1. Quick one: would you say N221 is assigned by TED's automatic domain parsing to the domain that holds Q171, surrounded by 14 or more Cβ atoms within 10 Å (Cβ to Cβ), modelled with pLDDT of 90 or more and touching a Pro at 6+ places or on another chain (Cβ under 7 Å)?
2. Tell me which residues, restricted to region 224-257, are surrounded by fewer than 20 Cβ atoms within 10 Å (Cβ to Cβ), closer than 20 Å to Q205 by Cβ and not β-branched (V, I, T).
3. So the check is Cβ under 8 Å with 6+ separation or different chains; which pairs have a first residue in region 72-85 that's modelled with pLDDT of 80 or more and a second one that's in a helix (DSSP H, G or I)?
4. Is it true that Y235 is touching a residue at least 12 places away in the same chain (Cβ under 8 Å), in the same structural domain as L101 (by TED's automatic domain parsing) and of a type outside the set (G, A, S)?
5. Going through L169, L173, L188 one at a time, which residue ends up being at pLDDT 85 or above, more than 22 Å from S249 (Cβ to Cβ), surrounded by 13 or more Cβ atoms within 10 Å (Cβ to Cβ) and in the same structural domain as A248 (by TED's automatic domain parsing)?
6. All but one of (1) assigned by TED's automatic domain parsing to the domain that holds I247; (2) farther than 24 Å from S224 by Cβ; (3) under 31 Å from the mean Cα position of the chain (by Cα) hold for P146; which doesn't?
7. So which of L28, L97 ends up being hydrophobic (A, V, I, L, M, F, W, C) and in the same structural domain as A278 (by TED's automatic domain parsing)?
8. Quick check on region 113-123: of everything there that is exposed (fewer than 12 other Cβ atoms within 10 Å of the Cβ) and not charged (D, E, K, R), which residue is modelled with the highest pLDDT?
Amino acid sequence: MKLPPLRAVQCFEVVARLNSFSKAAEHLNVTQSAVSHQVKLLEQYLNEPLFNRSGRSFSLTDAGSRYYHEVSHSLTSLASATQKIRFGEPGHIRLALYSSLAVKWLIPRLESFKHDHPDIDLTLNMIVDESDFSERVADCFITTNPPKGAFASQFLFAEKLYPACGKTLWQQLKNQPLPNELWEHPLLSVQYSESEQRTADDWQQWCESGGLTLPTNVKINHFSHVILAAEAARYNLGITLIDDFFIASQSDNQLIKLPLYGVETGTKFYFVYKKSRAKQSDIITLSRWLQAQWAEVKAKTS
């Protein structure tokens with residue numbers, strides 16, 4: 001496929017569309033002589049005059065008119081295809097995030113987002129810890145491992161875990177001395193790694209944060225995901241450590257946050273997108289909405 005000099009084609013299209021060499025130069029942010037040079041270059045390449053020139057006035061030749069309609073359509077298609085690759089389909093955003101955030105926090109709020117922004121179609125995609133930050137996966141991400149370089153990151157919140165249990169178990173605990181009474185019930189621990197050795201690092205960290213010692217004889221049940229531990233706690237199978245957003249997002253109030261201190265794990269969550277899409281209105285809207293939602297959670301749980 002042999003293409004004409006594209007810069008020259010662009011200059012010709014703008015001159016023909018604006019019917020002015022001076023306006024075309026201003027639009028392209030170049031000199032008028034540079035525009036004239038590019039148009040002459042294209043005419044030489046085509047071996048055909050594109051404009052009838054008479055003093056300061058000019059008009060398209062028949063060949064120029066036919067060529068303008070063809071290249072105008074082609075340049076519009078090229079610009080549209082480029083915009084879709086750089087910025088995605090207008091009004092449609094694919095957001096990739098962890099399943100725990102999606103299921104327990106974002107999905108319950110989607111109705112609110114759709115009500116406030118009916119022109120944006122938000123699609124969710126699940127990711128694991130080491131996500132492929134590619135547009136094949138999503139247009140933007142919520143992650144704890146923000147990439148560098150071509151990506152922009154906006155801080156959302158820092159994870160802070162609190163002991164929580166189901167309503168029935170809470171009835172047994174609420175009049176008992178805490179935290180000592182915790183050790184009389186199963187502790188639900190989350191361990192994401194596939195190591196065969198079972199540990200309770202989350203509960204160890206919580207105890208150390210409060211100057212406590214985790215008893216060696218306490219019963220610990222292990223789960224591979226926080227959603228599983230949270231559901232087990234809801235059904236009164238023990239006490240788990242969970243972030244505020246889980247508790248704040250539930251509609252049935254079956255998970256009770258115990259009146260005990262929380263521990264910051266050091267894990268931080270970020271909203272991530274390509275820097276080239278920083279001015280995309282849909283991305284800006286979603287970013288502001290996410291910030292507002294977490295501010296609301298913080299206000300409810302502080």
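The values are calculated or read from the model by the stated rules, or taken from the named source; none is laboratory data. Quick caveat, the model's predicted, so the values are computed rather than measured. Cβ placement follows ideal geometry from the backbone for every residue including glycine, while neighbour counts extend to all protein chains displayed.
1. yes
2. Residues satisfying the conditions are S224, H225, L228, A232, K257.
3. Cβ pairs passing all conditions: S72/E13; S72/A16; S72/R17; L75/V9; L75/Q10; L75/E13.
4. The answer is no for Y235.
5. L173
6. So P146 meets the others, but not (1).
7. Answer to the selection: L97.
8. T123
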